[in-house]
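Just below is one structure, and these are the notes that go with it.
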Amino acid sequence: MNHPVISAIKARHSTRAFLPKSVPHEHIEAILEAARFAASGKNTQPWHIAVVSGETQKKISDALLAAFRNGEPKRNDYEYYSKDDVDPAFHERAVACGMALYSALKIERGDKARRKEVWEWNYQCFGAPVTFFIFMDRGLAQGSWVDMGLFMQNIMLAASDFDLATCPQAALGEYPDLVRNILGIPFDNKLLLCGISLGYPDNAHPVNQYRTARESVENFAKYYS
């Protein structure tokens, strides 16, 4: 039996190297047309999105990269990772994810220069020709954050229908004031969640060869009847 939705979900992964090939505008429109059908509490539809490419994308990338290289403190609009004591399993998975990335690129643990270079590639959107910057209104409660995740997942799954790949990037939200200053109205008052890089994957690049491990269902689900 064919299960295209399940297949798309399982095939989705974060792509970190893209081909220098433009994405047709009609594909972007179709992706956003599908994404807008995401569920949201009371149909509030809290999402706002800036579709960035060309000179504007380069301007934002250059600004983010310069801020990082100048040692400016990161000033995200929110805390992505908990600073409190949590289950050690979360940390272990994060470490394993990083090790898989550096192993795929054959970067040794002590090679700080290469590791920094790889991190800087985040701010350059991994060479993707399009970046979605994901915003929401300030002051919305936690439920709207859940809605935003549903919207973003729709974007990533819809992209696969056009053989496009994505990478959701918290790093693109580390200097939100720089992004807002470049985009201006209507985003100057919005909260920046992250960016999503979009483009055609460079499947020959080693960074796109590895996959992260996923927990089995029995490790996170409990059944009651």
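Each residue of region 26-34 is assigned a 3J(HN,Hα), and the resulting list reads 5, 5, 4, 4, 5, 5, 5, 4, 6 Hz, derived from the Karplus form 6.51 cos²θ - 1.76 cosθ + 1.60 (θ = phi - 60°), x at Gly and Pro. For region 93-161, the calculated P(r), taken from all Cα-Cα distances in 5 Å bins from zero up to the bin holding the longest distance, is 3, 12, 15, 15, 16, 18, 12, 7, 2 percent. Given the alternatives (i) 19.8, 62; (ii) 18.1, 57; (iii) 16.4, 51, Rg and Dmax of the Cα atoms in Å as computed for this entry is given by (ii).
On the basis of the beta-carbon distance and an R0 of 25 Å, Arg138 and Arg114 show a calculated FRET efficiency of 0.05.
Here the translational diffusion coefficient of region 83-216 follows from Stokes-Einstein with Rh set to the Kirkwood radius across Cα pairs; for 4 °C and 1.567 mPa s it amounts to 76 µm²/s.
Of the heavy-atom accessible surface of the chain (probe 1.4 angstrom), what whole percent is carbon and sulfur? Carbon with sulfur: 54 percent of the solvent-accessible area. Divide by every residue of the chain the summed helix terms, -39500 (n - 2.57) for each DSSP H run of at least 4, and state the resulting mean residue ellipticity at 222 nm, rounded to the nearest 500 deg cm²/dmol. Computed mean residue ellipticity for the chain: -13000 deg cm²/dmol. Quotient of the Cα radius of gyration of region 37-159 and 2.2 N^0.38 Å, N being its number of residues: 1.27. Charged side chains reduced to their Cβ positions (Lys and Arg at +1, Asp and Glu at -1) give region 55-121 a dipole of some 360 debye around its Cα centre. Cross-link check: pairs Lys21/Lys83; Lys10/Lys59; Lys116/Lys222; Lys21/Lys106; Lys116/Lys190 evaluated at a Cα-Cα cut-off of 32 Å; pairs beyond the cut-off: Lys21/Lys83; Lys10/Lys59; Lys116/Lys222.
Here His13 and Ile185 are evaluated by their C-beta separation; at R0 = 35 Å the FRET efficiency comes out at 0.50. Backbone phi angles across region 154-164, fed through the Karplus curve with coefficients 6.51, -1.76 and 1.60 (θ = phi - 60°), yield HN-Hα couplings of 4, 4, 5, 6, 5, 4, 5, 5, 10, 6, 9 Hz in residue order; Gly and Pro are listed as x.
Cβ-Cβ distance of His25 and Trp145, R₀ of 25 Å, FRET efficiency by 1/(1 + (r/R0)^6): the value works out to about 0.25.
The modelled label-to-label distance between Lys222 and Ala66, using points 7 Å beyond Cα along the C-beta direction, is 5.3 nm. The residues of the chain have, on average, 62 Å² of accessible surface per residue, using a 1.4 Å probe with all protein chains present.
The values are calculated or read from the model by the stated rules, or taken from the named source; none is laboratory data. The structure presented is a predicted model; accordingly, all values stated were derived computationally and were not measured. Backbone-built Cβ (ideal geometry, glycine too); neighbour counts: all protein chains shown. Areas reflect the complete protein model, heavy atoms only, side chains present, ligands, DNA and RNA absent. Shrake-Rupley method; radii C 1.70, N 1.55, O 1.52, S 1.80 Å.
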